[in-house]
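Student: Sharing a structure here in structure tokens format.
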Amino acid sequence: MSKARQLADLGNVYDDGALSNRNLIINGAMQVAQRGTSFTSVSSTAYHLDRFQSNIGGAATGVSTITQSSDAPDGFGKSYKLEVTTADSSIASTAEYGLYHYLEGQNLQSLKKGTSAAVPLTVSFWVKANFTGTFVVELMDNDNSNRHINKSYTVDSANTWEYKTITFAGDTTGTLDDDNGNSFHLNFWLGGGTNYTSGTLQTSWGALDQSGRGVGQTNVYGTLGNTWQVTGVQLEVGDTATPFEHRSYGDELARCQRYFWSLNSNGINNKYLGQGANYNTTACYAHFPFPTEMRSIPTLTPSDGTHFQVVENGSVKDASGVTLSGSSSNQGAVVIFSASVSQGDASLIRTDANTNVYLWFDADL
């Protein structure tokens, strides 16, 4: 892209009302991976790299390994990589595979959706696969009975990073809720059965038509060893794809921590996590302020209940269970560690000698 074209594109963005904060996607460069960098035997819907959910539904039987890969195009350090380890070559009619990114409605009011002034949206990204084929990208409005629009792109050369841009028209029907709920999502289709592929691809905004969502989509899970990678994902207002908005790792991490925070041992034995007080002789209550206000009161997933310790008066007591207190908020969690302790004492919370201990606080969409 020439310098003149870049300047012209930035001028268009200025007209649309934004120079910074253009990208509505969080972690589009796949930098942040708080849950881990490698996941094997993936066969159900789950988050892996931050803010990107692997969607596996219906009678899907494919299995994959998902990693934060260092294979990336120039200007990027990381990518999301999926490798098929169990193929789903005879895909069932109800099966669906995709990579979702959900967005809060209060962050999308600039789309003017549901008004006569609704603005177009452009998706851009880098993609790489070890095979060629046709793929589908979808935008879906979750606030208005799953209105959606779908467009296709092609991987033209195997094992080659390719840059893609797709522009979607604005939708003059259905305003988005101005709140912290799941209003809208971007979906990279990775495979679908006839329930999703037997109709006509819905390339204009309209009511939910399941049969028109993934028409023409190559089944990534169709062959053992297939790989599909993506990075540099950008969703922006306007009809022009501008250069990817690179944000610092710290900035991107803070944005991700609104939705998910991992407090963990980070490979260290006996790592101190915080402090608390012994409510009675069987429980220590510890308060953990979140690094940023979370989207909502999170759920808690501990690595287990037995690799945490309560340290009081120089004595170490092993915890037998970990639960989230109802006193928690979206600004901090109160976590109850079950242990034989002395009522009224102040305590410190630490991990034991295990180096893979964590508390996961999840407020993702």
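Student: Given the C-alpha centroids of the range 127-193 and the range 76-103, what is the distance between them in whole angstrom?
Tutor: So the separation of the two Cα centres works out to 14 Å.
Student: Have a look at Ile349, Trp161, Val32 and report the one farthest towards the positive end of the charge dipole of the chain, computed about the Cα centre with Cβ charges (Lys/Arg +1, Asp/Glu -1).
Tutor: Trp161
Student: Taking the Cα centroid of the range 318-352 and of the range 270-285, what is the distance between the two, rounded to the nearest whole Å?
Tutor: Taking the Cα centre of the range 270-285 as reference, the centre of the range 318-352 is 4 Å away.
Student: Right, next: For the chain, modelled as a Gaussian network with Cα springs under 10 Å, which listed residue fluctuates most, Gly98, Gly181, Gly250?
Tutor: Between Gly98, Gly181, Gly250, it is Gly250 that shows the largest mean-square fluctuation.
Student: Could you work out which residue, out of Thr227, Thr67, Thr306, moves most in a Gaussian network model of the chain, that is, has the largest mean-square fluctuation with Cα springs under 10 Å?
Tutor: With Cα springs under 10 Å in the chain, the top fluctuation among Thr227, Thr67, Thr306 is at Thr306.
Student: Across the range 282-288, in residue order, what do the Karplus-derived ³J(HN,Hα) couplings come to in whole Hz, using 6.51 cos²θ - 1.76 cosθ + 1.60 with θ = phi - 60° and x for Gly and Pro?
Tutor: Per residue, the Karplus-derived 3J(HN,Hα) values read 10, 8, 10, 9, 10, 9, 10 Hz.
Student: Take the residue pairs Lys78/Lys151; Lys81/Lys271; Lys271/Lys317 and return only those whose Cα atoms are more than 20 Å apart.
Tutor: Too far apart for the 20 Å limit: Lys78/Lys151; Lys81/Lys271.
Student: Pairing the Cα long axis of helix 3-16 with the longest principal axis of the chain, what angle in degrees results, from 0 to 90 and rounded to the nearest 10?
Tutor: Taking the Cα atoms of the chain, the angle to 3-16 is about 70 degrees.
Student: As an exercise, use a Förster radius of 45 Å and the Cβ-Cβ distance of Asn269 and Ser116 to find the FRET efficiency, rounded to the nearest 0.05.
Tutor: The pair Asn269/Ser116 has a calculated efficiency of 0.15.
Student: Something else now. From the phi angles alone, apply the Karplus equation (6.51, -1.76, 1.60; θ = phi - 60°) to the range 45-58 and give each ³J(HN,Hα) in whole Hz, x where the residue is Gly or Pro.
Tutor: In residue order, the calculated couplings are 5, 6, 7, 10, 5, 4, 6, 10, 9, 6, 9, 10, x, x Hz.
Student: Among Tyr80, Tyr153, Tyr102, which one shows the biggest mean-square fluctuation in a GNM of the chain, springs joining Cα atoms closer than 10 Å?
Tutor: Sorting by GNM fluctuation, first place goes to Tyr153.
Student: OK, next. Roughly how big is the chain's charge dipole about its Cα centre, with Cβ charges of +1 (Lys, Arg) and -1 (Asp, Glu), in debye to the nearest 20?
Tutor: Its charge dipole is roughly 380 debye.
Student: How high is the FRET efficiency between Ser315 and Thr167 when r is their beta carbon distance and R₀ equals 51 Å, given to the nearest 0.05?
Tutor: 0.20
Read the figures in this text as sums done on the coordinates, not as results from a lab. As the structure is a computational prediction, the values presented were derived from the model and not from experiment. When we count neighbours, we look across all protein chains shown, and the Cβ atoms used for this are built from the backbone with ideal geometry, even at glycine.
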